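What follows is a set of notes on a single structure, which appears directly below.
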């Protein structure tokens, strides 16, 4: 019941804000050696696929999206933490929000998103921000974006195995390949449900 109340309050606030002023940030993991799990072969012949013997190195991608697409991103080997997030804020977000003071940053409840040093920096740089209600991915359009991105990353790496991670990300994050407006529309549907205090199933 408490979460329903929290969602209703959050949704009522966000529903009054134009899509153009809502910016969602999150991070996701990608594997450099991601390959498809199926293949084709001649009839009555078993298909084989050669893959690396190790699981590959994980790359973490941090993105800021708007309803128009990706505004900025950065990737690194390994996982993000408080310090690397602070670096991202200083290197990417400070300049962006300085020239877009009416924009609002929406984040999930990852521990390092709420670190004291992070919150202090956001206040010092006058970056208006809100935290999503826990366990409410339906209200976060970047979740759908990451699902699409991972699918595109996998298919692109399969078709172009010699591409570097940087080249792959630049290709799949190019403006003509983004569909964020649809994800915002879907988020608005869930906001309406939250305002009506409906369960998310």
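Things to note:
- Looking at 34, 28, 45, just one residue is within 20 Å of the chain's Cα centre (by Cα) and either in a loop (DSSP other than H, G, I, E, B) or modelled with pLDDT under 90 (or both), and that residue is 34.
- Residue count, the range 135-172 (criterion: closer than 15 Å to residue 25 by Cα and either in contact (Cβ under 8 Å) with a residue 12 or more places away in the chain or in contact with a helix residue (DSSP H, G or I) (Cβ under 7 Å, 6 or more places away or on another chain) (or both)): 12
- Qualifying residue in the range 74-84 (condition: over 21 Å from the mean Cα position of the chain (by Cα), within 23 Å of residue 27 (Cβ to Cβ) and at pLDDT 95 or above): no
- Boolean, residue 184 is touching a helix residue (DSSP H, G or I) at 6+ places or on another chain (Cβ under 8 Å), closer than 21 Å to residue 13 by Cα, in a helix (DSSP H, G or I) and touching a residue at least 12 places away in the same chain (Cβ under 8 Å): yes
The values are calculated or read from the model by the stated rules, or taken from the named source; none is laboratory data. The shown structure was predicted, so the numbers you read here are calculated from the model rather than taken from an experiment. When we count neighbours, we look across all protein chains shown, and the Cβ atoms used for this are built from the backbone with ideal geometry, even at glycine.
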